[in-house]
Amino acid sequence: MNNAMKSVRIARKIDRPNTREFIDKLFENFMEMHGDRLFADDGSIVGGIASFEGTPVTVIGIQKGHTLDENVECNFGSPNPEGYRKALRLMKQAEKFHRPVITLVNTAGAFCGIGAEERGQGEAIARNIMEMSRLKTPIISIFTGEGGSGGALALAVADEVWMLEHSLYSVLSPEGFASILWRDSERVEEAAELMKMTSNELLKNGVADRMFPEHKDGIENNLNYTTDQIREALRKKLPELVKKETKTLLDERYKRFRKFGEYAE
């Protein structure tokens with residue numbers, strides 16, 4: 001098994017810490033908010049107001065479960081459009097009150113069921129991307145597990161993108177890549193390596209800004225090892241971003257993503 005496929009397997013482990021566990025470790029006084037004010041409350045998106053060492057923040061994350069029942073409740077971490085609209089509602093609220101936004105990303109991708117498409121899945125993702133690109137408050141996105149396609153990007157248009165050692169960020173799954181490119185799903189390990197989807201590759205290519213190591217015994221056995229590093233990074237980076245003038249913040253965010261468009265051209 002190559003290093004990329006090893007990270008894929010680790011990122012998908014059912015006992016990998018989820019969004020609620022990261023929130024409990026990193027923030028105080030978390031007050032969860034529900035609903036998109038349009039259709040329903042999506043359990044795959046957890047969001048609300050919290051404090052980070054006395055600083056009010058808005059925290060939004062994609063939730064996965066550890067059991068079958070928990071995963072059914074949160075749709076296996078695949079948000080519906082109402083989940084993305086709930087996230088956007090909270091981000092716009094954060095903008096109004098000048099609270100930094102911190103997102104926690106762990107999803108194989110947005111839900112692709114008929115109902116989701118009928119309720120405007122594509123529009124919800126596109127609107128989040130557009131609104132985040134010009135949100136007048138700092139945004140930090142932390143990838144804690146899988147980061148699949150637009151389902152992840154809808155919460156990751158940020159000033160800083162951080163990744164855990166065994167987190168992923170890619171246009172689709174390695175199984176999907178192998179099936180589409182070679183029509184051979186058994187070449188999944190080759191696909192994972194070719195896609196450059198691991199934290200080390202993304203850091204090297206400038207997609208991610210920093211990577212946090214996980215404990216050698218597994219993050220599920222020592223979450224504090226990683227969250228202590230994240231807390232220290234937030235302690236340094238949040239004041240730096242908050243001090244920036246809004247125009248500078250937005251200009252730098254635009255340039256950050258525009259450079260990848262230039263590479264594609």
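The values are calculated or read from the model by the stated rules, or taken from the named source; none is laboratory data. This structure is a prediction, so every number in the text was calculated from the model and none was measured. Cβ: placed from backbone, ideal geometry, glycine included. Neighbour counts: every protein chain shown. Just the protein is used for accessible areas: all its heavy atoms, side chains included, with ligands, DNA and RNA removed. Shrake-Rupley method; radii C 1.70, N 1.55, O 1.52, S 1.80 Å.
Structure data summary
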quantity	calculated
Heavy-atom surface of the stretch 41-86, accessible at 1.4 Å and reported per residue (Å²)	33 Å²
Accessible area of the chain belonging to carbon and sulfur atoms, whole % at 1.4 Å probe	52 percent
Net dipole in debye of the chain [+1 Lys, Arg Cβ; -1 Asp, Glu Cβ; about Cα centre; nearest 20]	980 debye
Heavy-atom SASA rank of R9, R187, R37 (probe 1.4 Å, accessible area, largest first)	R37, R9, R187
Charge dipole of the chain about the Cα centre (unit charges at C-beta), most positive-ward option of W162, T55, F22	T55
Protection proxy ranking of 71-81, 143-153 - average other beta-carbon atoms within 10 Å, highest first	143-153, 71-81
Among M195, S133, T246 the positive-end extreme of the charge dipole of the stretch 124-265 (Cβ point charges)	T246
Mean-position separation - Cα centroids, the stretch 105-123 and the stretch 19-98, in angstrom	16 Å
Among G35, G61, G206: highest mean-square fluctuation, GNM of the chain, C-alpha pairs under 10 Å	G206
Inter-label distance for K255 and L68, nm, one decimal - labels placed 7 Å from Cα along Cα-to-Cβ	5.3 nm
Eligible lysines near K13 by straight Cα distance, threshold 17 Å, same-chain separation 8 or greater	K64, K216
Cα shape, the stretch 1-56, gyration tensor, a/c 1.5 rule	oblate
Partner lysines for K247 [C-alpha distance under 23 Å; skip if fewer than 8 residues away on the same chain]	K92, K96, K136, K236, K237, K255, K259
Relative contact order for the chain, counting Cα pairs under 8 Å that sit 6 or more residues apart, in percent	17 percent
Computed label-point distance, nm, for sites K204 and E175 using a 7 Å Cα→Cβ extension	2.7 nm
For the chain: rounded, prolate or oblate by the Cα gyration tensor [a/c cutoff 1.5]	rounded
Total charge dipole magnitude, the stretch 120-265, about the Cα centre, Cβ charges on Lys, Arg, Asp, Glu only, Debye to nearest 20	900 debye
Probe 1.4 Å, protein heavy atoms only - accessible area per residue of the stretch 161-265 in square angstrom	59 Å²
Student exercise, the stretch 159-234 dipole from Lys, Arg, Asp, Glu Cβ charges, in Debye to nearest 20	160 debye
Whether the stretch 20-116 is rounded, prolate or oblate, judged on the alpha carbon gyration tensor where a/c under 1.5 counts as rounded	oblate
Helix-derived mean residue ellipticity, 222 nm - over the chain, DSSP H n ≥ 4, -39500 (n - 2.57), to 500	-13500 deg cm²/dmol
